[in-house]
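Everything on this sheet refers to the single structure shown next.
The values are calculated or read from the model by the stated rules, or taken from the named source; none is laboratory data. Bear in mind the structure is a predicted one, so any value in this text is a computation, not a measurement. Positions of Cβ are backbone-derived with ideal geometry, glycine not excepted, and every protein chain shown enters the neighbour counts. The accessibility values were calculated without ligands, DNA or RNA, using every heavy atom of the protein model including side chains. Shrake-Rupley method; radii C 1.70, N 1.55, O 1.52, S 1.80 Å.
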Amino acid sequence: MKLHRLARREFLVALGFLAPSLAGFSIFYLIPFGQSILNSFQDRLGGSFTLSNYKELLLSSSFQKAASNTFLFTATSVPILVTVSLLLALLLNQRVFFRNWLRTAYVLPLVVPVASIVLVWQILFDWNGVLNAGLEHFGFGRHDWMKSDWAGFVIVLVYVWKNIGYNVILFLAGLQNIPDQYYEIADLEGAGSVRKLFGITLTYLTPTTFLVVLMSVLNSFKVFRETYLVAGAYPHDRIYMMQHYMNNMFLSLDIQKVSSAAVLMALCIMVLVFVLFRTERIFRSYME
């Protein structure tokens, strides 16, 4: 009986500490999203139940372009980010003479404001920017990077540079949690570097890798800030993302389309997260 009362008391105390956060989450996230779900099924005029909002959304050429660009960006940038982060973490986990300099370099994007980051990339890729000045100096012509298909490459580069530090920290934490005894036993058995990499390092980094992939996928849907500040509300067709579409629909007060797009985007993210967790569970059970 005493244990039951003690557990109940601790639960009430924990709930009291969580109450401000739960209230803020409910007011600013949960309740507005629930209202968006209701708006997505309501008629624009009478407020009656309808599915026409989703039909018009899926048939919209702007939405199709935004959805395809967002999917292509995620499918391209996430593997690049995860691979580069893993390679850099493996490098920093070794004893190299420029390790301290690299650690400072990859942490720097985490503390620099987004507006400052965008200003640097604008100076670099603008028509009169540093990159075009360098190309012209070596006899090449100028290139309008943000108004051509190269804009997608620029946004991927900005995304990788902005998020690589966080992923490297996660990978380094995972690498340092691998017991040194495994590598010592592998050395005694004559295993080479490649065998130790795939048999020990990557195997025991599997949970960390799934976490990094999950965070990278979620962060890929937040690239709108950088894209908007670099290219404006109506960028080149190659980098017209889902967030651009929803932002433009909001400015035109088309609440039904904004709500429908937000619901579909949240549904896609939930499906991706479910697939990642399911894959991790299957792989972990296989390893056990």
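Remark: spin-label model distance residue 18-residue 278 equals 2.7 nm, labels positioned 7 Å along the Cα→Cβ axis.
For the chain, a simple Cβ point-charge model (Lys and Arg +1, Asp and Glu -1, everything else neutral) yields a dipole of about 720 debye relative to the Cα centre. The dipole here belongs to region 119-243: it is taken about the Cα centre, uses +1 on the Cβ of Lys and Arg and -1 on the Cβ of Asp and Glu, and is about 320 debye.
Positive end of the dipole of the chain (Cβ unit charges, origin at the Cα centre): among 48, 279, 88, the Cα lying farthest that way belongs to 48.
Less than 5 angstrom separates the built amide H of residue 42 from those of 50, all sequence-distant by 5 or more or on a different chain.
Once the 1.4 Å probe is applied to the protein heavy atoms, region 87-185 comes out at 61 Å² accessible per residue.
In what sequence, highest mean first, do 67-80, 233-246 appear when ranked by Cβ atoms within 10 angstrom?
Numbers: 67-80: 17.6, 233-246: 19.4.
Result, highest mean first: 233-246, 67-80.
Subtracting the Cα-Cα distance of residue 268 and residue 251 from their residue separation scaled by 0.36 nm leaves 3.7 nm.
When the charge dipole of the chain is built from unit charges on Cβ atoms (+1 for Lys and Arg, -1 for Asp and Glu) and taken about the Cα centre, the candidate among 18, 70, 104 whose Cα reaches farthest toward its positive end is 18.
Of the trypsin sites (Lys or Arg not before Pro) in region 13-117, the ones in a loop by DSSP (not H, G, I, E or B) with at most 15 other beta carbons within 10 Å are 44, 95.
Given a Förster distance of 41 Å, report the FRET efficiency between residue 29 and residue 91 from their Cβ-Cβ distance, rounded to the nearest 0.05.
Values: r = 38 Å, r/R0 = 0.94.
The computed FRET efficiency comes out at 0.60.
Fully extending the segment from residue 58 to residue 206 would add 49.6 nm, taking 0.36 nm per residue of separation and subtracting the current Cα-Cα distance. Qualifying trypsin sites (Lys or Arg not before Pro) in region 163-223, where qualification requires a DSSP coil assignment and no more than 16 other C-beta atoms within 10 Å, comprise 222.
By per-residue mean of other Cβ atoms within 10 Å, what is the highest-first order of 146-159, 115-128, 17-30?
On the way: 146-159: 18.7, 115-128: 14.5, 17-30: 10.5.
Result, highest mean first: 146-159, 115-128, 17-30.
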